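Written below as structure tokens is the structure these notes are about.
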Amino acid sequence: MKYKNIVKGTFLERPNRFISYCKVDNNIEKVHVKNTGKCKELLIPNCIVYLEESDNPNRKTKYSLIAVQKNDRLINMDSQVPNKVIYEGLINKKIILPELNEEIIYIKPEKTYGNSRFDIYIETENKKVFIEIKGVTLEENDIVMFPDAKTERGVKHINELIKASEDGYLSYIIFVIQMSDVKYFTPNDKMHKELGDALRHAKRNGVNILAYDCNVTSDTIEIKDEVKVIL
């Protein structure tokens with residue numbers, strides 16, 4: 001996936017989940033943050049950020065925050081992009097789902113099941129598939145974790161996927177690691193053990209849990225390699 005009109009800036013502060021202030025060409029700009037997670041380990045005052053300039057004159061903010069430089073690693077923090085890169089990866093066959101050994105004949109983003117809406121729905125000749133996608137931006141010592149804040153919604157999605165698996169659907173949770181060159185993915189039990197427990201329960205009950213890292217530049221992101229998952 002490629003962004004348009006990317007400019008380099010310096011992060012200054014984030015007064016709330018949705019807004020930050022960044023310096024661009026010596027001007028202080030109000031910037032939309034496309035990630036409502038905490039991201040405290042990323043958004044450190046004076047870090048380098050990459051912003052997408054909007055061509056919509058009616059927008060309240062001229063820029064959206066897309067990526068941040070953390071030491072020598074560039075991390076994409078756009079929470080809307082994981083679904084797009086997985087969809088692209090499935091279409092161009094860069095992602096091969098385990099247990100799905102038939103040609104995809106139908107794929108659509110977002111489909112309701114029970115009390116949840118999963119990110120991708122797939123049909124083959126004989127199988128029906130649900131995929132739930134989570135973006136990952138939290139990294140410590142080359143180990144990546146999810147979540148960076150408690151997410152009851154995330155636990156609910158996992159439990160619904162278990163039900164779907166019991167009802168005969170192939171079910172997947174895919175963690176999109178929005179950076180490259182990491183050792184492995186693991187749930188952040190210190191932040192939200194209930195979610196980690198739900199993932200382990202899902203694995204025991206037929207839900208496939210996968211992780212992929214990404215090639216990230218200032219204006220692109222694409223799926224790279226499958227990453228080991230340690231639950």
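All of the numbers you see were taken from the coordinates with simple rules; none came from a lab. Values in this document were obtained by computation on a predicted structure and should not be read as measured data. Note that each Cβ is placed from the backbone with ideal geometry, even for glycine, and that neighbours are counted across all protein chains shown.
Tell me, what is the percent relative contact order of the chain, built from C-alpha pairs under 8 Å that lie six or more residues apart? Intermediate results must be reported in sequence, preceding the final value.
Values: 511 pairs, mean separation 37.5, N = 231.
Answer for the chain is 16 percent.
Mind scanning Lys8/Lys228; Lys2/Lys224; Lys38/Lys108; Lys2/Lys84; Lys70/Lys156 and naming the pairs with a C-alpha gap bigger than 22 Å?
Working: Lys8/Lys228 33 Å; Lys2/Lys224 15 Å; Lys38/Lys108 30 Å; Lys2/Lys84 11 Å; Lys70/Lys156 31 Å.
In this structure, Lys8/Lys228; Lys38/Lys108; Lys70/Lys156 lie more than 22 Å apart at Cα.
May I have the pair-distance distribution P(r) for the range 6-76, computed from all Cα-Cα distances with 5 Å bins from 0 and rounded to whole percent?
Per 5 Å bin, starting at zero, the Cα-Cα P(r) for the range 6-76 comes out as 3, 18, 33, 27, 14, 4, 1, 0 percent.
Using the scaling law 2.2 N^0.38 Å as the reference, what is the normalised Cα Rg of the range 81-226?
Working: Rg = 14.7 Å, N = 146, 2.2 N^0.38 = 14.6 Å.
Against the compact-globule rule of thumb, the ratio is 1.01.
Using R₀ = 30 Å, calculate the FRET efficiency as 1/(1 + (r/R₀)^6) where r is the Cβ-Cβ separation of Lys4 and Ile96; round to 0.05. Intermediate results must be reported in sequence, preceding the final value.
On the way: r = 30 Å, r/R0 = 1.01.
Computed FRET efficiency for Lys4 and Ile96 comes out at 0.50.
Which order do Leu65, Leu43, Leu12 fall in if you start with the one that has the fewest other Cβ atoms within 10 Å? Working shown, then result.
Working: Leu65 26, Leu43 21, Leu12 17.
So the residues, fewest neighbours to most, are Leu12, Leu43, Leu65.
When N counts the residues of the range 1-134, how does its alpha-carbon radius of gyration compare numerically with 2.2 N^0.38 Å, as a ratio? Don't skip to the answer; put the middle values down first.
Details: Rg = 18.3 Å, N = 134, 2.2 N^0.38 = 14.1 Å.
Taking N as the residue count of the range 1-134, the ratio is 1.30.
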